[in-house]
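Have a look at the structure below, then the notes.
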Amino acid sequence: MTRVLVVEDEPAIAELVAINLRHEGFEVSIAGDAAQATAQVDERLPDLVILDWMLPGQSGLQLSRSWRAQARTKSLPIIMLTARADENDKLAGLDGGADDYLTKPFSVKELLARSRALLRRRAPQALDEAVEVGGLVLDPATHRVTRVVDGAAREAKVGPTEFRLLHFLMTHPERVHSRAQLLDRVWGDHVFIEERTVDVHIKRLREALEPVHCAPLVETVRGAGYRLVATPGR
């Protein structure tokens, strides 16, 4: 599930945005100021930030610049949502790191459309970036899955479907995904196959990860689905 962080100090606006995003299937968290936003991003990197400019303490513009200056957050998708409608403010916001700029009062439908468009634009860039969870490294560019075992890098032989499944789980760690969600995100929502097919590929994925001692990273959540964890058995 795509995670969105809404950074907004006006509770009514924050809740309005959050409700509509959740209705569209996004996972949403809210931060009322820059300190809360920083803490949440440090804990878990969101897929998108909707950021108010005028926040108590550090401004949204300062926060955006700070994120752009850090390697971990330099590519974080940001939509600035603000009452500052002057052209110079818009230019400052975009120059300060915002990918898009929307002024208040705003159309919720437009905000949702811009959010989806930004996520679509950013998605291809993420496809070639290596992902690491619990010592397991997946590199889409080379189509390899490796882990250091006894001081040497060992490769797990993962099939194409299991590779896509693992990539999705590793880019959304610690989150529980139902079989239906995995079918939509890994196979595509236009593909009509049995949900139990997911179980078969999870079994194959675990078998492929066994030689590098990472099978326990893929956990079954009884009655809910599957998740990938950095530390199994917690």
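FYI, it's all coordinate maths here, none of it is from the lab. These numbers come from a predicted model, not from an experiment. We place every Cβ from the backbone using ideal geometry, glycine too, and count neighbours over all the protein chains shown.
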Set of aspartates and glutamates near Lys157 by C-alpha distance (under 16 Å), chain-local residues within fewer than 8 positions excluded
Asp139, Glu207, Glu210
Quick check for me: using +1 on Lys/Arg Cβ and -1 on Asp/Glu Cβ, what's the dipole size of segment 15-117 about its Cα centre, in debye to the nearest 20?
160 debye
As a check on your grasp of the helix formula, calculate [θ] at 222 nm for the chain: sum -39500 (n - 2.57) over DSSP H runs of n ≥ 4, divide by the residue count, round to the nearest 500.
-12000 deg cm²/dmol
In units of 2.2 N^0.38 Å, what is the alpha-carbon radius of gyration of the chain?
1.12
Which lysines, if any, have their Cα less than 19 Å from the Cα of Lys90, not counting same-chain residues under 8 positions apart?
Lys104
In the chain, taking the dipole from +1 charges on Lys and Arg beta carbons and -1 charges on Asp and Glu beta carbons about the Cα centre, the listed residue (Gln36, Phe163, Ala180) farthest towards the positive end is Phe163
Partner aspartates and glutamates for Lys203 [C-alpha distance under 17 Å; skip if fewer than 8 residues away on the same chain]:
Glu162, Glu194, Glu195, Glu219
List the residues whose amide H sits under 5 Å from the amide H of Ala156, counting only those 5 or more places along or on another chain, with H placed 1.01 Å from N in the peptide plane.
Val145, Thr146, Arg147
